[in-house]
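Trainee: Sharing a structure with you now.
The values are calculated or read from the model by the stated rules, or taken from the named source; none is laboratory data. For clarity, every value in this text was computed on a predicted model and none was experimentally measured. For neighbour counting, all protein chains shown are included, and Cβ atoms are generated from backbone atoms with ideal geometry for every residue, glycine included.
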Amino acid sequence: MLAGLVSLAAGLGSPRTARASEPAPVRVGTWDRDGNLLIGVSEAILARLYADIGQPMVFVDLPTRRAGQLLAQGQLDANVHRASDFLTANPDVIALPTPLNRVAMRAYTLQPTLQALHWKDLAPLRVAHLRGVLRVEQLMLPNQRRVESASVRDLWRLLATDMADVVLVNEMANAPAQHPSGLPELRRLEHVFDEHPVHHVLWATQARLASRLNTALIALQSSGNLDGLQQSALAGLMRRQGGA
């Protein structure tokens, strides 16, 4: 929490200054940086893209919903990534046309016999999910027994303390199952509850920057280096998640 407040103060509370020879850093809202593998991979890609075009940037650590609100109000330059429903709800936000990643919504549990193949199968269960992720909230059934969490690490804690039956996690499509430290019996259900692309998003006045970033992303993709960067970042994050 303290680190987040320091990041917020640094990113939002002080004047944007830069040397005359270089542009001001772009402030990119991000969240749940310690345990969210998907966020970690997107941050690695963005660090590379911004470096490729010579544009300084800084990640501003915020709660998920707050990061979206500040971008929609023009108080942030960008968010690390969002799904299409965020763009629909916020017409003053623009996205790179090329997706940053493809995401699968998966369920994890500690219960050895639990199965769920449809959203209706989750209805009687206590389902934990990240607070402020619009797509999860929209897809859940109205009568769902929901438990909101501020971080992926807290989702694992909710399972470990029997405060939830399953957790919903957005992760890279085709990524291996997660194995966080301290949960040897954790298992991922086979069913994919949703799959969608996520895009780097910026305030509407950043159209020229978005175009430059998209060109850099296409070049990274065409060279074959994007997949390597994704897999390398994910592997490092998973090792750290498992305590290795």
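Trainee: So which residues in region 150-186 are of a type in the set (K, R) and at pLDDT below 95?
Mentor: At the first step, the residues of region 150-186 found to be of a type in the set (K, R) are 153, 157.
R153 - this is the single residue of region 150-186 that is of a type in the set (K, R) and at pLDDT below 95.
Trainee: Which residue is nearest to S42 (Cα to Cα), if the candidates are limited to region 226-244 and must be assigned to a helix (DSSP H, G or I) and touching a Pro at 6+ places or on another chain (Cβ under 9 Å)?
Mentor: So the first thing to find is which residues in region 226-244 are assigned to a helix (DSSP H, G or I), and the list is 226-241.
Restricting the remaining residues to those that are touching a Pro at 6+ places or on another chain (Cβ under 9 Å) gives 234, 238, 241.
Values: L234: 10, M238: 14, Q241: 16 Å.
The residue in question is L234.
Trainee: What's the number of the condition P184 fails, among (1) part of a loop (DSSP other than H, G, I, E, B); (2) in contact (Cβ under 8 Å) with a residue 12 or more places away in the chain; (3) of a type outside the set (A, V, I, L, M)?
Mentor: It is condition (2) that P184 fails.
Trainee: Would region 202-225 turn up any residue that is at pLDDT 95 or above and part of a strand (DSSP E or B)?
Mentor: Among the residues of region 202-225, at least one is at pLDDT 95 or above and part of a strand (DSSP E or B), which makes the answer yes.
Trainee: Need the failing condition index for A207 against (1) aliphatic (A, V, I, L, M); (2) surrounded by 15 or more Cβ atoms within 10 Å (Cβ to Cβ); (3) closer than 20 Å to A83 by Cα, just the number.
Mentor: So the condition that A207 fails would be (2).
Trainee: Kindly check whether there is at least one residue in region 176-189 that is loosely packed, with under 12 Cβ neighbours inside 10 Å, out of contact with any Phe, Trp or Tyr (no Cβ under 6 Å at 6 or more places or on another chain) and in the same structural domain as Q75 (by TED's automatic domain parsing).
Mentor: Scanning region 176-189, I find no residue that is loosely packed, with under 12 Cβ neighbours inside 10 Å, out of contact with any Phe, Trp or Tyr (no Cβ under 6 Å at 6 or more places or on another chain) and in the same structural domain as Q75 (by TED's automatic domain parsing), so the answer is no.
Trainee: Follow-up. Is it the case that V147 is of a type in the set (V, I, T), part of a strand (DSSP E or B) and either at pLDDT below 95 or surrounded by 19 or more Cβ atoms within 10 Å (Cβ to Cβ) (or both)?
Mentor: Working: of a type in the set (V, I, T): yes; part of a strand (DSSP E or B): yes; either at pLDDT below 95 or surrounded by 19 or more Cβ atoms within 10 Å (Cβ to Cβ) (or both): yes.
So V147 passes the test.
Trainee: Still on this structure: For region 30-55, what are the residues that are in a helix (DSSP H, G or I) and either surrounded by fewer than 18 Cβ atoms within 10 Å (Cβ to Cβ) or of a type in the set (K, R) (or both)? If you could, list the steps in order and put the result at the bottom.
Mentor: The initial filter retains those residues of region 30-55 that are in a helix (DSSP H, G or I), namely 37-52.
Those that are in a helix (DSSP H, G or I) and either surrounded by fewer than 18 Cβ atoms within 10 Å (Cβ to Cβ) or of a type in the set (K, R) (or both): A44, A47, R48, A51, D52.
Trainee: Hey, another quick one. Counting only residues that are touching a helix residue (DSSP H, G or I) at 6+ places or on another chain (Cβ under 9 Å) and either of a type outside the set (F, W, Y) or crowded, with 20+ Cβ neighbours inside 10 Å (or both), give me the helices (runs of 4 or more DSSP H) lying completely in region 56-126 with at least 2 of them. Spell out how you get there, then give the answer.
Mentor: Details: elements: 64-72, 84-89, 119-122.
Qualifying helices (runs of 4 or more DSSP H): 64-72, 84-89.
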